[in-house]
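The structure appears below as structure tokens.
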Amino acid sequence: MLIFPQNVNKNLDERCSLRRLQIDMQDHKLNQLDDDTCEITIKMDKDNIVQIEMRPKIGPYKFKHYLFLLDFRKNYPIQPPIITIGSETLHPNIDRKNQKFYLRIVEQQNWKPIYGLFEIVEEMKQTLIHVDFTKITNEATCLKMAQQILNQNELDDESQINNEFDIDQETADFEISKAFKINFEIVDNSQQKFQFQNDSYNIYQKLPAIINLQKTSKHRQNDNIFFIKIKN
């Protein structure tokens, strides 16, 4: 039985990882991600760290500059790369304190060896443009930013629904029943604000790394569609 020094095995793993990364870097589909929605530049430095610069052209953070450093040297693609932040630009899914970008695809339970650089960059792009409200950094600024985007999205949805459905005189005498609100988790603005304040208090008590804000806006589009007759 041959026993090799630990650093030899480590170097072998790193070489295998970088060999796979070189194949990924030659994927022509990467060029398709640099489009009219996001400007993307990918390069590798002398330490074999992949530097990815992104500048969204749409969304709430358009024209902001983001720099990410991806380390593929450790057992890739069996393990996902380590992603750190190289810029100070704010985003609800970026933890500036821990220099971490909360990305679903690189989480241990979601990662698969068939994924490559293309899939990673694609999800990075989508997360920058379309905020992932299920993984908001537990930090006051990020929570406030995410809540503002949610509120704006709700206003846009309600405006679109009002344009599609005319509220005539008959529907003006209708309102949503309490049972319907409970079943579909609908809350009014005051309840939603109170709920968010309570959630925020509990957040800071337990201090999880990320917060799921997605459920706070669940089914709100039904407000303008379903009505229950008010009893005289």
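Read the figures in this text as sums done on the coordinates, not as results from a lab. Since the structure is predicted, the reported quantities are computational estimates derived from the model, not experimental observations. Every residue, glycine as well, gets a Cβ built from its backbone with ideal geometry; the counts of neighbours run over all protein chains shown.
Points worth noting:
- Centre separation in Å (Cα based) which lies between region 106-130 and region 12-31: 15
- Beyond 24 Å in Cα-Cα separation lie the following of the pairs Lys43/Lys135; Lys62/Lys100; Lys29/Lys100; Lys57/Lys97: Lys43/Lys135; Lys29/Lys100; Lys57/Lys97.
- Residues whose amide H falls under 5 Å from that of Cys38, counting only those 5 or more places apart or on a different chain, are Lys57, with hydrogens built in the peptide plane.
- Per-residue 3J(HN,Hα) values for region 98-105, derived from phi via the Karplus relation 6.51 cos²θ - 1.76 cosθ + 1.60 with θ = phi - 60°, read 9, 6, 10, 10, 6, 10, 4, 5 Hz in sequence order (x marks Gly and Pro).
- Pair Glu39, Leu18: separation of 7 Å Cα→Cβ label points (nm): 3.1
- Cα-projected label distance for Lys144 with Lys62, points at 7 Å along beta-carbon direction, nm: 2.5
- Extreme residue, positive dipole direction of region 6-129, given options Leu33, Ile129, Leu18 (C-beta unit charges): Leu18
- Computed lengthening from Asn31 to Ile105, 0.36 nm per intervening residue step minus Cα-Cα distance: 24.6 nm
- Taking region 6-129 and dividing mean pair separation by its residue count, relative contact order in percent (alpha carbons under 8 Å, at least six apart): 23
- Three-way shape call for region 64-157 based on the alpha-carbon gyration tensor, with the a/c threshold at 1.5: prolate
- Three-way shape call for region 6-129 based on the alpha-carbon gyration tensor, with the a/c threshold at 1.5: prolate
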